[in-house]
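One structure below.
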Amino acid sequence: MKKSIILTISLLMAGAFAASAQDCTLFFPQKEGTKLTYTNYSKPGKVDSYLTYLIKNKNSDQSRITIEAENLNAKGKSELKYEFDAWCEDGSFYIDMRNMISSMQVKDIEGFKIETNDLHFPSTMKEGQQLKDASMKMSMQGPISMAMSVSITNRNVEAVEDISTPAGTFKCCKISSVVKSDMGFIKVENQVTEWYSENIGMVKSVTQNKGKVISTCELTKVE
């Protein structure tokens, strides 16, 4: 009898979590083992580096996904591996700002303390909608203290449109933002436009500085 009650409670809890996930629009693949490959270009046609996301595992409650990220140079040599999470909470989707580590130009994150205010995506997005800010800070204490940070502000949904890359054509939400990076003596402010597709995530990103395109990142393969 006791085992039956415990099983019933467990099933009810699992059902509640699953319902919560279903109410949330996911901006990452749900299938474990799915691999996304991105190509970064510093100039049109000139490959600067690669980034891969591997869906490592999805919790049984369907509400949290763990992603293994890997940075590779232009020759395909691995330079850094790290993990971050994406999850549903209260009907919204969140992406751990650790996914921005790839832009921080670090080779080793061991020993860094990381604090985040994570990326928030409401389940329904429409043109003209303003989204919440996000940020990440990496710091290390020691004989030589070090701190780096990145913030994403002025996030606005510009449009809902189709975007084509070598990986295919995707219906996306076009989101513009201001990204500020602070890495010691180097402080940079860029204008970034990103396209996010349901059950895929980021499909394309264009970074501009004072109106000039300085880098492009696009999804080139889904496996």
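The values are calculated or read from the model by the stated rules, or taken from the named source; none is laboratory data. Computed from a predicted model, the values in this text were never measured in an experiment. Cβ placement follows ideal geometry from the backbone for every residue including glycine, while neighbour counts extend to all protein chains displayed. What goes into the accessible areas is simple: the full protein's heavy atoms, side chains included, and nothing from ligands, DNA or RNA. Shrake-Rupley method; radii C 1.70, N 1.55, O 1.52, S 1.80 Å.
Data table
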quantity: Residue 65 vs. criteria open to solvent by less than 20 Å² (accessible area, probe 1.4 Å), among the β-branched types (Val, Ile, Thr) and at pLDDT below 95; calculated: yes
quantity: Subset of the stretch 32-46 (residues that are more than 18 Å from residue 203 (Cβ to Cβ) and either open to solvent by less than 70 Å² (accessible area, probe 1.4 Å) or among the charged types (D, E, K, R) (or both)); calculated: 32, 33, 42, 43, 46
quantity: Single condition residue 149 does not satisfy, out of (1) loosely packed, with under 15 Cβ neighbours inside 10 Å; (2) small (Gly, Ala, Ser); (3) modelled with pLDDT under 95; calculated: (1)
quantity: Of residues in the stretch 191-223 being among the charged types (D, E, K, R) and open to solvent by less than 50 Å² (accessible area, probe 1.4 Å), the one farthest from residue 127 (Cα to Cα); calculated: 218
quantity: Residue match in the stretch 171-190 (condition: farther than 20 Å from residue 84 by Cα, surrounded by 15 or more Cβ atoms within 10 Å (Cβ to Cβ) and aromatic (Phe, Trp, Tyr)); calculated: no
quantity: Residue that is nearest to the chain's Cα centre (by Cα) [pool: residues in the stretch 116-128 that are open to solvent by 40 Å² or more (accessible area, probe 1.4 Å) and more than 15 Å from residue 85 (Cβ to Cβ)]; calculated: 124
quantity: Count of residues meeting criterion [at negative phi and out of contact with any Asp or Glu (no Cβ under 9 Å at 6 or more places or on another chain)] in the stretch 205-215; calculated: 5
quantity: Spans of strands (runs of 3 or more DSSP E) in the stretch 96-207 with at least 2 residues farther than 27 Å from residue 31 by Cα; calculated: 113-117, 134-140, 146-165, 168-183, 186-197
